[in-house]
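Have a look at the structure below before the remarks.
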Amino acid sequence: MDSTADVIIMGGGIIGASIAYHLRRDDPGVGRVVVIEQDWTYARAAAPMSMGGIRQQYSAACNVALARYSLPFYEQFDRLMAGAWGVPQAHFHQRGYLVLMHAENQDRLRQKYEVQRSLGVEIELLSPEAIRDFLPHLNVDDIVGGLYGPRDGYLNPRGALQGFVEQSRELGCVWLQDEVLDFQPGDAQATVRTRHHGTLTTPHLVIAAGAWTQRLAALADIDLPVQPVRRQGCYVTLPVQVGYKFPMTLDRTRDMSFRHDTETDNHLLMSRTVRDEPPGFNFDWDISAFEREIRPMMRHYLPDCGDIQLQRGWAGHYGVTPDENPILGQHPAHACLYMAVGFSGHGVMLAPASGHIISELVRNGHTSTLDAHPYRLERFATGDLIDDPQI
């Protein structure tokens, strides 16, 4: 096997796969692109276990720009990623994205609404009465309104991951099922030592390792402030068919989100971040938390729909930075090392834009479509953080 590559991407989740795809799509002559991913089943990857929400509702201009690049990409995703390999099943449903507003967070959400409008986001400020008309089964007694993005929605995240992976292969990217044992980013060349394919060299090395970023970076004595934070998801049946599909519904005061399944009429997906434990890997799904927290919440949200019936549950992890926003760009001390990590639960949403940013940086040394400067690693040392918390 050839031991050299023009670009090596460590991590083949949705971010790494998007980078690979964009490198070959943006410039078919980019050279040899190699993706190293240890687990091709993606059993513990973040994207397949995510809610697959797609929205423009951010309050930082840089995040809005990435979201507005990614949204139309997903609107065409199944067509764009179709090829000789097949057609992805991402199935982006633009059923909207509703953020519930309570008395304690209404000032901040109203400020977000004004910022989003000024940035061109398609956003509506709904009263409780308007929400009741829109979603008659949703209890609005304790909310004061909501922000609603009518063009937003949700997709099948495993289908989105599959599309990026398979289309990048079809465009000529090389995928290796392997483990990175260590790597060294030099001034002009980086080396990557793998368990099964020996040592590889490249002038452009990308870290796209999700919640495993800190563990991977430590192999080269590099500190990247990305910590794994557990989140729990579940798939439930509604005893009552409501006759319409719920949008992605987010309640930040309760760290809770839920939506309809992409394929069925009476199944919901739900997710809740586990905040009362230290960062770290824990893939145990806590059914007691479902009975103690999630089931009572759903009785509150949907009091006329009967008691939800649990089908299955799972636990996954966000890769979270100190300001809950991603790191995108070149490492300040290693010119050949690029980072696309720390998406804090929004990797699926921002994967198209992030892939394009890294593609431009690798190929051109700068970005021209989207501004990567706010996402630089150095912001954590200078205190120039992005004020747009995500979880």
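A simple rule links phi to the HN-Hα coupling: the Karplus curve 6.51 cos²θ - 1.76 cosθ + 1.60 with θ = phi - 60°, which for the range 329-343 gives x, 7, 6, x, 9, 9, 5, 8, 10, 10, 10, 9, 9, x, 6 Hz, with x for Gly and Pro. Length available on full extension from GLN38 to GLN311: 0.36 nm per residue minus the Cα-Cα distance, which gives 95.4 nm.
3J(HN,Hα) along the range 375-383, derived from phi through the Karplus expression 6.51 cos²θ - 1.76 cosθ + 1.60 where θ = phi - 60°, amounts to 9, 5, 4, 5, 4, 6, 7, 8, x Hz, with x in place of Gly and Pro.
Evaluating 6.51 cos²θ - 1.76 cosθ + 1.60 at θ = phi - 60° for every residue in the range 64-71, the Karplus couplings come out as 4, 4, 5, 5, 6, 6, 6, 4 Hz, glycine and proline recorded as x. Let me know the shape class of the range 101-143, please: from the alpha-carbon gyration tensor, a ≥ b ≥ c as square roots of the eigenvalues, rounded when a/c is under 1.5, otherwise prolate if a/b is greater than b/c, or oblate. Oblate, since a/c reaches 1.5 and b/c is not below a/b.
With the convex hull of the Cα atoms taken as the outline of the chain, the averaged projected area works out to 18.4 nm². Ranked by the mean number of other Cβ atoms within 10 Å of their residues, highest first, the peptides 317-329, 169-181 fall in the order 317-329, 169-181.
Every pair of different Cα atoms in the range 5-92 enters the Kirkwood calculation, which places the hydrodynamic radius at 14.9 Å. For VAL226, the shell of other residues with beta-carbons less than 13 Å away shows a net charge of -2, using +1 for Lys and Arg and -1 for Asp and Glu. Packing-based ranking of 13-22, 76-85 yields 13-22, 76-85, ordered from highest to lowest mean Cβ neighbour count within 10 Å. Every Cα-Cα pair in the range 296-375 was counted, and those over 17 Å apart are 59% of them. Peptide packing: for 215-227, 198-210, the average count of neighbouring Cβ atoms within 10 Å per residue gives the ranking 198-210, 215-227, highest mean first.
Read-outs: derived from the displayed coordinates by stated rules, not from any lab. All values reported here derive from a predicted model rather than from experimental measurement. Cβ: placed from backbone, ideal geometry, glycine included. Neighbour counts: every protein chain shown.
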